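A.B. asks: Below you'll find the structure I mean.
All of the numbers you see were taken from the coordinates with simple rules; none came from a lab. None of these values were measured; they are calculated from a predicted model. Heads up, the Cβs are rebuilt from the backbone with ideal geometry, glycines too, and the neighbour counts pull from every protein chain shown.
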2 protein chains.
Amino acid sequence: MAKTITIPGYDPQKCELRSFIDRVADKWSLMIISLLANSPDEKARFSDLKKSIPGISQRMLTTTLRNLERDGLVNREVFAEVPPRVEYQLTKLGKNLKVPVGQLMAWIEGNWGTIKKSREKFDLKASRS
Amino acid sequence: MAKTITIPGYDPQKCELRSFIDRVADKWSLMIISLLANSPDEKARFSDLKKSIPGISQRMLTTTLRNLERDGLVNREVFAEVPPRVEYQLTKLGKNLKVPVGQLMAWIEGNWGTIKKSREKFDLKASRS
DNA sequence: CGGTATCCGTTATGATACTG
DNA sequence: CAGTATCATAACGGATACCG
């Protein structure tokens, strides 16, 4: 009979982990959080973010920032200027998240080579069958 | 003129960060890694994982495990028994990833309440416009 | 500059049925 | 038990056009 594995201090039924994973783990969020974390004052304007993230569309940048704002990770400040300026800054909660996210990014950076090799090996083996 | 923000020690052009984020950050991977990390011996069989992850379909569990295996994070061992038994175990690399993933999960666990409140507040404000 | 609205193809994922 | 195969559909996300 199958055993249920449990994670200490975490109940998958109670905490809808998935809801948050969908945020941290979507296509652009981690990237945006890392960029903000490494900006002066942990703050950047829309166009800077757009320029700093290769391949992101305006639509997705807007959408992702809104979601981060909704989660209280990012603050949005509009300046009444012409042309308009909008700045995004990590909130206290966002700055806090910076730590684990930074460690994850560092891990990826450090192990990317190994992962790539593993993928090649796996794909090669798969193609021979 | 827009400034490009850079992350120290990480070049978005060189390391295809996105490829890996897509893995760690997809719908089920973090969950599976955490479960394996908290299993005895960091090892569990297919049916245990299935039972421990509310809502996952058999297809997605298979797919996700294959991808984790491809990245060298998880090892798959088939036992020639009837009925068959298949065990998945974190590799050395996977055990290593455990650390940053665990911290992220702990962060989520600790801040989930705050995030939920922020969402409610945001949605309420949005509905009044 | 920093959006929003719309259209639309691609991908991700669930349901279901079948298999060694 | 642990898959695979097939189908259907929902969600994602890019391109484009337009606006304050």
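A.B. asks: With θ set to phi - 60°, apply the Karplus curve 6.51 cos²θ - 1.76 cosθ + 1.60 along the stretch A:81-97 and write out the HN-Hα couplings as whole Hz, x wherever there is a Gly or Pro.
C.D. replies: Each residue of the stretch A:81-97 in turn: 10, 10, x, x, 10, 10, 10, 10, 9, 5, 6, 4, 4, x, 5, 5, 5 Hz.
A.B. asks: Of the lysine pairs in the stretch A:16-128, how many meet both conditions: Cα atoms under 19 Å apart, and a spacing of 8 or more in sequence or different chains?
C.D. replies: 9
A.B. asks: Sticking with this one: For chain B, what is the mean residue ellipticity at 222 nm derived from helices alone (per DSSP H run of n ≥ 4: -39500 (n - 2.57); sum divided by total residues; nearest 500 deg cm²/dmol)?
C.D. replies: Values: 5 runs with 73 residues, N = 129.
The helix-only estimate for chain B comes to -18500 deg cm²/dmol at 222 nm.
A.B. asks: Please list the non-local residues whose amide H lies under 5 Å from the amide H of B:Arg85, H modeled 1.01 Å from N, same-chain partners needing a gap of 5 or more.
C.D. replies: B:Phe79
A.B. asks: Then there is this: Mind telling me which of A:Arg23, A:Arg45, A:Arg85 comes out most flexible in a GNM of chain A, alpha-carbon contacts under 10 Å?
C.D. replies: Residue with maximal mean-square fluctuation among A:Arg23, A:Arg45, A:Arg85: A:Arg85.
A.B. asks: Pick out, in residue order, every one of the GluC sites (Glu not before Pro) in the stretch A:50-129 that is DSSP loop and has at most 11 other C-beta atoms within 10 Å; say none if there are none. Don't skip to the answer; put the middle values down first.
C.D. replies: Numbers: sites: A:Glu69, A:Glu77, A:Glu81, A:Glu87, A:Glu109, A:Glu120; in loops: A:Glu81.
Here the sparse-neighbourhood loop sites are A:Glu81.
A.B. asks: Summarise the long-distance tail of P(r) for the stretch A:16-128 by giving the % of C-alpha pairs beyond 18 Å. Walk me through the numbers before you get to the answer.
C.D. replies: Numbers: 3571 of 6328 pairs.
Everything past 18 Å amounts to 56 percent.
A.B. asks: Would you please classify the overall shape of the protein assembly as shown from the alpha carbon gyration tensor, given that a ≥ b ≥ c denote the square roots of the eigenvalues, rounded means a/c under 1.5, and beyond that prolate means a/b larger than b/c while oblate covers the rest?
C.D. replies: Working: a/c = 2.46, a/b = 1.62, b/c = 1.52.
Note, shape of the protein assembly as shown comes out prolate.
A.B. asks: Moving on. Give, rounded to the nearest 20 debye, the magnitude of the charge dipole that the stretch B:18-129 has about its Cα centre when Lys and Arg contribute +1 at Cβ and Asp and Glu contribute -1 at Cβ. The partial results should precede the final answer.
C.D. replies: Details: 21 positive and 13 negative charges, 102 e Å.
Roughly 480 debye, rounded to the nearest 20.
A.B. asks: Taking Cα atoms, how many degrees apart are the long axis of helix B:58-70 and the longest axis of chain B, rounded to 10 and kept between 0 and 90?
C.D. replies: Rounded to the nearest ten degrees, it is 90.
A.B. asks: Using modelled amide H (1.01 Å from N, peptide plane; none on Pro or chain starts), what sits under 5 Å from the amide H of A:Ala2, excluding residues fewer than 5 places away?
C.D. replies: none
A.B. asks: How do A:Asp41, A:Asp48 line up, fewest other C-beta atoms within 10 Å first? List each step's numbers first, then the result.
C.D. replies: Details: A:Asp41 9, A:Asp48 20.
Fewest-to-most ranking of A:Asp41, A:Asp48: A:Asp41, A:Asp48.
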